[in-house]
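Heads up: the structure comes next, in structure tokens.
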Amino acid sequence: MLSVTYATYLEVTKQQIFLCCAALILMLIAACTPGDPGSTVKGVSYNAEQIAQGRVYYEQTCAACHGVDGQGQFPEAPLEPDATGRLGAPPHNETGHTWHHSDELLLRYVVEGGFADPNNFYTMPRWDSLYDRDDAALIIAYIKTMWTEEQRIYQQRVTLDEEARAAQTQP
Ligand code: HEC
């Protein structure tokens, strides 16, 4: 009788040790995985559901010009002027240069529209009648999923550098 109880006790202890080890290993994996800068816009992290909402906005409003997969208006030669001498809507995916811009510039682009020379570019409309900055952030969070890990890290650095410069010049 006593030995049965002891055996049960040992069994439970083994289970506890196993669970503890499993928990420790999971915690270690979580600590070693680098943060995912792709879902962060201006320091706010967006979850999968919010990014999915950004995708809906993107497909409703932006895809017509920038391409459903972010391949740009003229995927054959996205960075070449067409017969009118103008460049179309640029790609947003990893082949484009959207990832060179800070979060603030991207947000302003969506809300306030483009400011490229209309002789050299088609026009990027402003979208403040449809989207405020919070909505625009969801769209940007989605666009970031089109970039490579290196591009996302680079773009996050550009954003942080710009914020640091802005903080310095503040009176
Ligand atoms: C009618 C076509 C059109 C639509 C629709 C459109 N854009 Fe654009 N977009 C452009 C063009 C053309 C440019 C390049 C001209 C410029 O930069 O001013 C551009 C440029 C941009 C840029 C800056 C260039 C870059 O990639 O670095 C961003 C960011 C951008 N668009 C985001 C969006 C988002 C987000 C939407 C949807 C809310 C959207 N655009 C909808 C035509 C469009």
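Which ones in the range 73-91 are among the aliphatic types (A, V, I, L, M) and more than 22 Å from THR61 (Cβ to Cβ)?
Kept after step one, since they are among the aliphatic types (A, V, I, L, M), are these residues of the range 73-91: 77, 79, 83, 87, 89.
Within the range 73-91, ALA77, LEU79, ALA83 meet the criteria.
Restricting PRO81, PRO90, PRO75, PRO118 to residues that are within 11 Å of the ligand (Cβ to nearest atom), assigned to a loop (DSSP other than H, G, I, E, B) and more than 24 Å from VAL158 (Cβ to Cβ) narrows the list to PRO118. Taken over the range 125-160, the criterion of being assigned to a loop (DSSP other than H, G, I, E, B) and free of Cβ contacts under 8 Å to residues at least 40 places away in the same chain is satisfied by PRO125, ARG126, ASP128, SER129, ASP132. Annotation note: Cβ proximity below 9 Å between a residue of the range 78-107 that is closer than 11 Å to TYR122 by Cβ and touching a residue at least 12 places away in the same chain (Cβ under 8 Å) and a residue that is aliphatic (A, V, I, L, M) and not in a helix (DSSP H, G or I) (sequence gap 6+ or interchain) occurs for PRO81/LEU87; LEU87/LEU79; LEU87/ALA116; ALA89/MET124; PRO90/LEU79. Taken together, the residues in the range 52-72 that are touching a helix residue (DSSP H, G or I) at 6+ places or on another chain (Cβ under 7 Å), in contact (Cβ under 8 Å) with a residue 12 or more places away in the chain and not in a helix (DSSP H, G or I) amount to 2.
Laboratory data are not the source of any read-out in this text; all were calculated from the coordinates shown. Quick caveat: nothing in here was measured; it's all calculated off a predicted structure. Neighbour counts run over all protein chains shown; Cβ positions are idealised from the backbone, glycine included.
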